[in-house]
Amino acid sequence: MAPSTNALPQGRDESAPFGRMLTAMVTPMASDGTVDYDGAARLAAYLVDEQRNDGLVVSGTTGESPTTSDEEDERLLRTVLDAVGDRATVVAGVGTNNTVHTLKLARQAERAGAHGLLVVTPYYNKPPQDGLARHFTTVADATGLPVMLYDIPGRTGTPIAAETLLRLADHPRIIAVKEAKGDLFGASKVMAETDLVFYSGDDALNLPWLSVGAAGFVSVVGHVVGADLHEMIDAFLGGDTRRATEIHRRLLPVITAIMTRTQGVIATKAALSLLGLPGGSVRPPLVDATPEFTAALREDLVAGGVKIVEGP
């Protein structure tokens, strides 16, 4: 497969091929449950222009991909690319637990203009490591786009073993891993032996991941504190670890509220509502945040330095 002609919006060094600060973007919904494409464009612009994201992931789990159709995924991707694709890396979530369907989504994303693919470990059917390797390489062979693997066994039931990552690193288009299983030691060994680039996929461990060589973050709380997280990365890479630690500690209430007290999409959309930003409702089987949760969330966001939009 020849390299894709989908050009990145700006030059990337090999140490951070997708950028450093990426948010896994929610999919805004209208009151009738349909995708709010205008809201998606506004949210994408906010994340890039005001929250300093140099990359976005669309149609990931945080984008409610289990409940969006292929047609919605394609239109959403094109919408975000039109809004920010000239100044941010736009990565399409295409992973499913069906290799044939994943191939379809990967090719669809390439045609739409995606800059890269996020491919999650197949979930529920729990393939063996040889099956994982075949799945990922088959997807990587199907397009000319760079691939970020998504290792999150808490959702999928199956981790990607370090030995499997060492094998997959030989593929020229498998270049990165979004790591959400907290195995800093195993990832350190893979980074030491390969050119695979790691991104923190767990906001609670963002700073520790930087300490072992991660390039940056694929964040959820980046919806509301992306600029702070970008500052943390800049401080750490600039040698100011004290400042990076200060930011990490200040953001603890935000991370706690969004990532631990209910499902992350539910919390994120509630937070966006408090900021006056597009988010809307969630699709079943998720349920919208309760007033009690939202009230507590407001307090946590304020404690973390987030400015809330007050009503009239």
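The values are calculated or read from the model by the stated rules, or taken from the named source; none is laboratory data. Computed from a prediction, not measured in an experiment: that's the story for all the values here. With ideal geometry, Cβ positions are generated from the backbone for all residues, glycine too; neighbour counts draw on all protein chains shown. Each accessible area value is taken on the protein alone, full model and side chains, heavy atoms only, with ligands, DNA and RNA left out. Shrake-Rupley method; radii C 1.70, N 1.55, O 1.52, S 1.80 Å.
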Filter the range 69-84 for residues that are open to solvent by 20 Å² or more (accessible area, probe 1.4 Å) and touching a strand residue (DSSP E or B) at 6+ places or on another chain (Cβ under 6 Å) and give the result. E72, L81
Would it be correct to say that R87 is open to solvent by 10 Å² or more (accessible area, probe 1.4 Å) and out of contact with any Leu (no Cβ under 8 Å at 6 or more places or on another chain)? yes
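Please enumerate the residues belonging to the range 216-244 that are open to solvent by 40 Å² or more (accessible area, probe 1.4 Å) and not aliphatic (A, V, I, L, M).
Restricting attention to the range 216-244, the residues satisfying the condition of being open to solvent by 40 Å² or more (accessible area, probe 1.4 Å) are 231, 234, 236-243.
Of everything in the range 216-244, those that are open to solvent by 40 Å² or more (accessible area, probe 1.4 Å) and not aliphatic (A, V, I, L, M) turn out to be E231, D234, F236, G238, G239, D240, T241, R242, R243.
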Since T256 meets every condition but one in (1) free of Cβ contacts under 8 Å to residues at least 40 places away in the same chain; (2) open to solvent by 40 Å² or more (accessible area, probe 1.4 Å); (3) under 19 Å from the mean Cα position of the chain (by Cα), which condition does it not meet? (1)
Does A41 satisfy the criteria of being under 19 Å from A112 (Cβ atoms), surrounded by 24 or more Cβ atoms within 10 Å (Cβ to Cβ) and modelled with pLDDT of 95 or more? no
Unmet criterion (only one of (1) open to solvent by 50 Å² or more (accessible area, probe 1.4 Å); (2) under 18 Å from V221 (Cβ atoms); (3) in a loop (DSSP other than H, G, I, E, B); (4) at pLDDT 95 or above) for A289: (1)
